[in-house]
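Down below is the structure, laid out as structure tokens.
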Amino acid sequence: MNNSYDYLRTVNIGYVDSTGAVHITNSIRQGGIVAIYYLGTLIGALAGGYIGDRIGRIKTVVVGCAWAIFGASFQCSAQNVAWMCCARIITGIGTGHLNAIVPVWAAETATHTSRGQFIAIEFTLNIAGVVVAYWLEFGMSFVDGGRSAARWRFPIAFQVFMLLILMAIIGFFPESPRWLVKMGRSEEAFYILTRLRGNDPERARAELNDIQKIVELEKQTAKRNSYFSMFFGIGSGNLHLGRRVQLVIWLQIIQEWVGIAAITVYQPTIFALAGYASIKSQWLSGLNNTFYMFSTLIAVFTLDSWGRRVTLFWGAVVQGIAMFLLGGFTRLAINRPDQAAQFGAAAAAMTFLFTSTFGATWLTVPWLYP
């Protein structure tokens, strides 16, 4: 969207000149529009966890879809910056619901030996959505010379179609056996476990017994399960809930701090700084997103065999090196215009390396580890 003439004009953050180069005149507003979406996801995630424990995982997905559809509809019809910010918060709330509950549902229905694969496949599909959205926007950039409002409005509106599909089919998915036991519906949970575990009643019964013991323990410690109590570990004793919660919170925060949000949102600008023309910058961004999607498949085959910590270690090292070199090559491309092509190519390669490594490592583990 940040390359769309009509979008820049609508939210009043910049303009596109006759050569197709983007000029941002209000970078604070630009960053605020991006960031306010994540405020919505924070609200949605906290609410989604609460709702998921009350009405179940499947119904919470429906609620999240409804919020996202409402927000996306407002986003694609936005007429000014205030309208866009409100719409992005609403969309973020829906996304937060889905972010909070879908990984939980996947973990509760998968076997303990395949949870890594389940979460990795989930994020392969997640990034596939990003790729489709980006290439849609890229394709729309050729309509009316890129000045059409459809360039940014249509890709946003397109997500409504996908959300409607999800709402239509989610009812055919099994509810979480763990939630069913918590609600006193153990026979239904046993039936679902039997189907999920390959019609092996003994295995399903053993897993059901384990779930029932955990649910009973949760009932005994119900007063310690509020967000406040878990955050500080009040009354958790040897369970060390406070330390566990802090660990996964900071793992999620560090996931964002490694720089992937900047790469994903501003990659056309990064490629432009490296010396590439507007159309080529956008084309490279789409290609980078495609590599990002395929890199998540690496985690499908490594997470359950290499482990979570090893995956984080090697991912952090490679990403650190790639980001350092990306910054250096970009600066060299700016300072030495006569060699901009060579340094720009090196910077682009480091962008691809960073994004692909993130997809194979830090994208999935902070969601799986909790």
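Filter region 226-264 for residues that are aromatic (F, W, Y) and within 30 Å of F352 (Cβ to Cβ) and give the result.
W250, W257
Here are A21, A47, A82, A72: which of them is within 20 Å of the chain's Cα centre (by Cα) and either surrounded by fewer than 16 Cβ atoms within 10 Å (Cβ to Cβ) or under 30 Å from M183 (Cβ atoms) (or both)?
The match here is A47.
Conditions tested, residue by residue: (1) touching a strand residue (DSSP E or B) at 6+ places or on another chain (Cβ under 8 Å); (2) more than 22 Å from P268 (Cβ to Cβ); (3) in contact (Cβ under 8 Å) with a residue 12 or more places away in the chain.
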| position | (1), (2), (3) |
| --- | --- |
| R309 | no, yes, no |
| W314 | no, yes, yes |
| G328 | no, no, no |
| D338 | no, yes, no |
| G344 | no, no, yes |
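Tally the residues that are under 17 Å from T264 (Cβ atoms), of a type in the set (A, V, I, L, M, F, W, C) and under 15 Å from the mean Cα position of the chain (by Cα), restricting the search to region 346-370.
5
Restricting the search to region 231-267, which residues are within 22 Å of the chain's Cα centre (by Cα) and among the aromatic types (F, W, Y)?
W250, W257, Y266
Does region 169-177 include one or more residues that are surrounded by 19 or more Cβ atoms within 10 Å (Cβ to Cβ) and in a helix (DSSP H, G or I)?
yes
Any chance you could count how many residues in region 119-134 are more than 12 Å from the chain's Cα centre (by Cα) and surrounded by fewer than 20 Cβ atoms within 10 Å (Cβ to Cβ)?
Looking only at that region, the number is 4.
Out of region 232-251, which residues are loosely packed, with under 15 Cβ neighbours inside 10 Å, closer than 20 Å to L312 by Cβ and not aliphatic (A, V, I, L, M)?
Within region 232-251, R243, W250 qualify.
Please go through region 2-19 and give me each residue that is touching a residue at least 24 places away in the same chain (Cβ under 8 Å) and in a helix (DSSP H, G or I), ordered by number.
Y5, D6, Y7, T10, V11
Are any of the residues in region 226-235 assigned to a helix (DSSP H, G or I), more than 14 Å from L363 (Cα to Cα) and either of a type in the set (D, E) or touching a residue at least 24 places away in the same chain (Cβ under 8 Å) (or both)?
Yes: one or more hits.
For region 20-46, which positions are among the hydroxyl-bearing types (S, T, Y) and in a helix (DSSP H, G or I)?
Listed by number, the residues that qualify are S27, Y37, Y38, T41.
So which residues in region 190-211 are exposed (fewer than 15 other Cβ atoms within 10 Å of the Cβ) and not acidic (D, E)?
Selection gives R195, G198, N199, P201, R205, A206, N209.
Based on this model, can you work out whether R147 counts as among the charged types (D, E, K, R), in contact with a helix residue (DSSP H, G or I) (Cβ under 8 Å, 6 or more places away or on another chain) and crowded, with 18+ Cβ neighbours inside 10 Å?
no
Are there any helices (runs of 4 or more DSSP H) wholly within region 292-370 with 2 or more residues that are in contact with a Phe, Trp or Tyr (Cβ under 6 Å, 6 or more places away or on another chain) and either surrounded by 18 or more Cβ atoms within 10 Å (Cβ to Cβ) or not assigned by TED's automatic domain parsing to the domain that holds G275 (or both), and if so which?
Qualifying helices (runs of 4 or more DSSP H): 308-335, 340-360.
Take the residues of region 55-112 that are more than 16 Å from P155 (Cβ to Cβ) and outside any helix (DSSP H, G or I): which is modelled with the highest pLDDT?
Of everything passing the filter in region 55-112, G56 is modelled with the highest pLDDT.
For region 205-224, indicate whether the set of residues that are out of contact with any Phe, Trp or Tyr (no Cβ under 6 Å at 6 or more places or on another chain), acidic (D, E) and outside any helix (DSSP H, G or I) is non-empty.
Within region 205-224 (the criterion being out of contact with any Phe, Trp or Tyr (no Cβ under 6 Å at 6 or more places or on another chain), acidic (D, E) and outside any helix (DSSP H, G or I)), the answer is no, since none of the residues qualifies.
The values are calculated or read from the model by the stated rules, or taken from the named source; none is laboratory data. Note that the structure is predicted; figures quoted are calculated from it, not measured. Don't worry about glycine lacking a Cβ; one is built from the backbone with ideal geometry, like all the others, and counts go over all protein chains shown.
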